[in-house]
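First up is the structure itself, then whatever we jot down about it.
The values are calculated or read from the model by the stated rules, or taken from the named source; none is laboratory data. As the structure is a prediction and not an experimental result, all values here were calculated from the model. Quick reminder, even Gly has a Cβ in these numbers, built from the backbone with ideal geometry, and neighbours come from all protein chains shown.
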Amino acid sequence: MAIYRFPSNLDTGEGKNHVSFQVVDDTSPEFEKIHLYVQQGFNTSDSASYGNVDLGAINALKSFATSEKSLSGDDATVAGLKVIEKLTGEAGLNAKVALEKKIAFNPQTALAFESVGVRSFSFDFKLVPESEQESEIARAIENIFRKYLYPKKSGEFTLRYPPKWRIRFMSGENDNKYMPFIQDCYLVGFDATHNSEGNSFFANGAPTAVDMKLSFTETKIMTRSDLYPDNGYDYTYSRPEYATASTSGENS
């Protein structure tokens, strides 16, 4: 199977940095890998979401139910009113007494972890062929990405999922530990602009420049063990879910 490099003289030898794209779960891909230069200013965004939990009402109910803590004074008043509110749904009494006594219920709000965000990654490449031969490589790369974004039709009412992509920042034949580790992804967006800065063509009709924007999203939310070992902060580079997927030419 073909390995595509752009530019065609891209050096992927020892210590040379580049980024590799590979389809890992398609039974008959028409290519093995695509090697491209590392874009300037690659961004990685990790996020987690938290929600507010008001523990005050829970703790007040617990205090009255178990008598584990003796309440007196303003604490007893506001806690009692909060219990009544929870049992009856009547909030007006709380507001009236709070206004008269100039006291308010402490909601004891705490943050509760909910989830982490699914990570997405964007790549921007400008392919500027220097020859008709190199324009054919650019055309192949553009159409490979577009083709494998789409699902296959496997029946009258059935579509088979598009393949997952394996993206690796490389230094020669090895993963570059200084660049982000990306778990397997779906290609969720692809934009191509031809001749964005001019209107010239090669004799074979190929544009003299193709700008590509690729958007990938990991197939699931990550946990710490998906990215890092228990000890240390070097990436695991482990993708056990797809360990049996086609990974021929892993170091090509």
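Here is how the numbers come out for the structure above:
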{"read-out": "Residues being at pLDDT below 95 and aliphatic (A, V, I, L, M) - total across segment 11-39", "value": "2"}
{"read-out": "Every residue from segment 3-28 that is assigned to a strand (DSSP E or B) and under 21 Å from VAL210 (Cα atoms)", "value": "ILE3, TYR4, ARG5, PHE6, HIS18, VAL19, SER20, PHE21, GLN22"}
{"read-out": "Test: residue in segment 120-141 that is within 30 Å of ASN52 (Cβ to Cβ) and in contact (Cβ under 8 Å) with a residue 60 or more places away in the chain", "value": "yes"}
{"read-out": "Members of segment 162-180 found to be closer than 15 Å to ASP26 by Cβ and part of a strand (DSSP E or B), listed by number", "value": "TRP165, ARG166"}
{"read-out": "Residue within segment 182-193 that is out of contact with any Pro (no Cβ under 8 Å at 6 or more places or on another chain), modelled with pLDDT under 95 and exposed (fewer than 13 other Cβ atoms within 10 Å of the Cβ) present", "value": "no"}
